[in-house]
Every structure is written in structure tokens, then in C-alpha cells.
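The next block holds one structure in the form of C-alpha cells; read it before the comments.
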Amino acid sequence: MSDKKHYIMTSIVLGSIAAVSGVLIGVTNMITRDRIAENEKNKINDGLKVIFKQNSVKYQEYSKEEAKLDGEYKYVETIYVVSDENDNELGCALRLTGSNNYGKVSLIAGYTKVDQSFISLSLIVNEQTYATTLVDNYINPLNEGTRQLEDVTCGATFGAKLVRDMIIEGTDAAVDYYN
């Protein structure tokens, strides 16, 4: 009889701990959910300003389904049609997300309206193992124009290959969107 009582008490204690933990996680999510969404929206807006070299930008957001892209795109999540404060369309930017064995990368890549050429990119999420190496040796030089897109040897080669592949697919999607 003593063993049954021990197992019942253990089950009750562990169940109580799980229930309290679940409630705490739920409450934390309710408190932080809006703030996290707001921070991500601000990061996207700031990234678009940097990509298009504007103090202020307006954008219309479309999912890849809403944009009616013809191709199969595994990295494309969202398309932003970007305008300046006078409503002159500057081009489009694509939210691209991918992952490899070293982690996840989510970025916004900007493309011109005229010929859909790549402008630059802004990182949203960089969970790569060699994240700082990727940024310092590939992404920053790429944005500055001192590194070619295809030159992925940088100390974080697998991350750079992922970013390169995402940008190339983004270019195809931008051409698809405008044509």
C-alpha cells in the first residue's frame, strides 16, 4: 500500500509542476507576444530604410501566394513592395528564410524595380553557429560592395552558401513578380 501512495504523490507533484509551468509559459507568451511582433515589424521597417537608402519608406506586404508567383520558391516568405514618402515605387524586398545544419537565417533582400537587380540585405534572424563570422566576413562586405555574391569562402562558408542561394532565389522571385 505504501508504494501506491508514493506513486500517487509523485504523479500529483509532477503533474502540478507541469501545470504551473504551462500556465507560466502561457502568461509569458501573452505578455511578450505583441512586443515581439512589434520589434520584428520595426526591424523590417529599419531594414527596408537601409536597403533602399531612405529616411522613410512605405511598403505593402504580400505573401508569396498573394503575389501570385509562378515559380517554386522554398526560401521566399513575404514580398514587400517599397515606396518612398512620395509614393514612388523603389522596388521590392523579399523576406527569405532558410536553414542548414548550422542554424536558421532570415533576411530581407532588396531588388530594384527597373531590372530586379540585388541591392543589399538586412538580417532579421541569424542563428548560424558562426553568426559573427558570417556577418563580418560575408554579409557586411556584400552590402558594402567589396565582396561578390558568389565568393562564399569566408570562415562561415555553409552560412554564406545559404545566404547566396537565398539571394539568387530572391532575384528569380523578384523577376517573376515584376513580369
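Conditions tested, residue by residue: (1) at positive phi; (2) hydrophobic (A, V, I, L, M, F, W, C); (3) touching an Asp or Glu at 6+ places or on another chain (Cβ under 9 Å).
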residue	(1), (2), (3)
Thr28	no, no, no
Gln54	no, no, yes
Arg95	no, no, yes
Ile108	no, yes, no
Tyr130	no, no, no
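Results for (1) within 22 Å of Ala37 (Cβ to Cβ); (2) touching a strand residue (DSSP E or B) at 6+ places or on another chain (Cβ under 6 Å); (3) of a type in the set (A, V, I, L, M, F, W, C); (4) in a loop (DSSP other than H, G, I, E, B), shown as yes or no for each residue.
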position	(1), (2), (3), (4)
Tyr80	yes, yes, no, no
Thr97	yes, yes, no, no
Ile108	yes, yes, yes, no
Ile124	yes, yes, yes, no
Gln148	no, no, no, yes
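Of the residues making up segment 126-146, those that are in a helix (DSSP H, G or I), under 19 Å from the mean Cα position of the chain (by Cα) and more than 28 Å from Ala37 (Cβ to Cβ) are Thr133, Asp136, Tyr138, Leu142. The set of residues in segment 73-96 that are in contact (Cβ under 8 Å) with a residue 60 or more places away in the chain and within 17 Å of Val163 (Cβ to Cβ) comprises Tyr73, Lys74, Tyr75, Val76, Leu94, Leu96.
Criterion first (in contact with an Asp or Glu (Cβ under 8 Å, 6 or more places away or on another chain), free of Cβ contacts under 8 Å to residues at least 40 places away in the same chain and of a type in the set (Lys, Arg)) does Lys113 satisfy it? Give the steps one after another, and end with the answer.
On the way: in contact with an Asp or Glu (Cβ under 8 Å, 6 or more places away or on another chain): yes; free of Cβ contacts under 8 Å to residues at least 40 places away in the same chain: no; of a type in the set (Lys, Arg): yes.
Here the answer is no, as Lys113 does not meet what is asked.
The rows are residues; the columns are (1) assigned to a loop (DSSP other than H, G, I, E, B); (2) of a type outside the set (D, E, K, R).
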residue	(1), (2)
Ile17	no, yes
Gly22	no, yes
Thr28	no, yes
Arg33	no, no
Lys41	no, no
Ile44	no, yes
Asp70	yes, no
Asn86	yes, yes
Leu90	no, yes
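Filtering Lys43, Lys49 for residues that are within 30 Å of Gly91 (Cβ to Cβ) and in contact with a strand residue (DSSP E or B) (Cβ under 7 Å, 6 or more places away or on another chain) leaves a single hit, Lys43.
Would you point out which residue out of Thr78, Thr171, Thr97 is farther than 16 Å from Ile51 by Cβ, surrounded by 15 or more Cβ atoms within 10 Å (Cβ to Cβ), in contact with a Phe, Trp or Tyr (Cβ under 8 Å, 6 or more places away or on another chain) and among the hydroxyl-bearing types (Ser, Thr, Tyr)? Criteria check complete, one pass: Thr97. If you go through segment 103-119 and keep only what is over 19 Å from Ala174 (Cβ atoms) and either touching a Pro at 6+ places or on another chain (Cβ under 8 Å) or surrounded by fewer than 17 Cβ atoms within 10 Å (Cβ to Cβ) (or both), you end up with just Lys104.
Read-outs throughout are calculated quantities, based only on the coordinates presented, and are distinct from any laboratory measurement. Quantities reported herein were computed from a predicted structural model and do not represent experimental measurements. Using ideal geometry, Cβ is built from the backbone for each residue, glycine included, and neighbour counts are taken over all protein chains shown.
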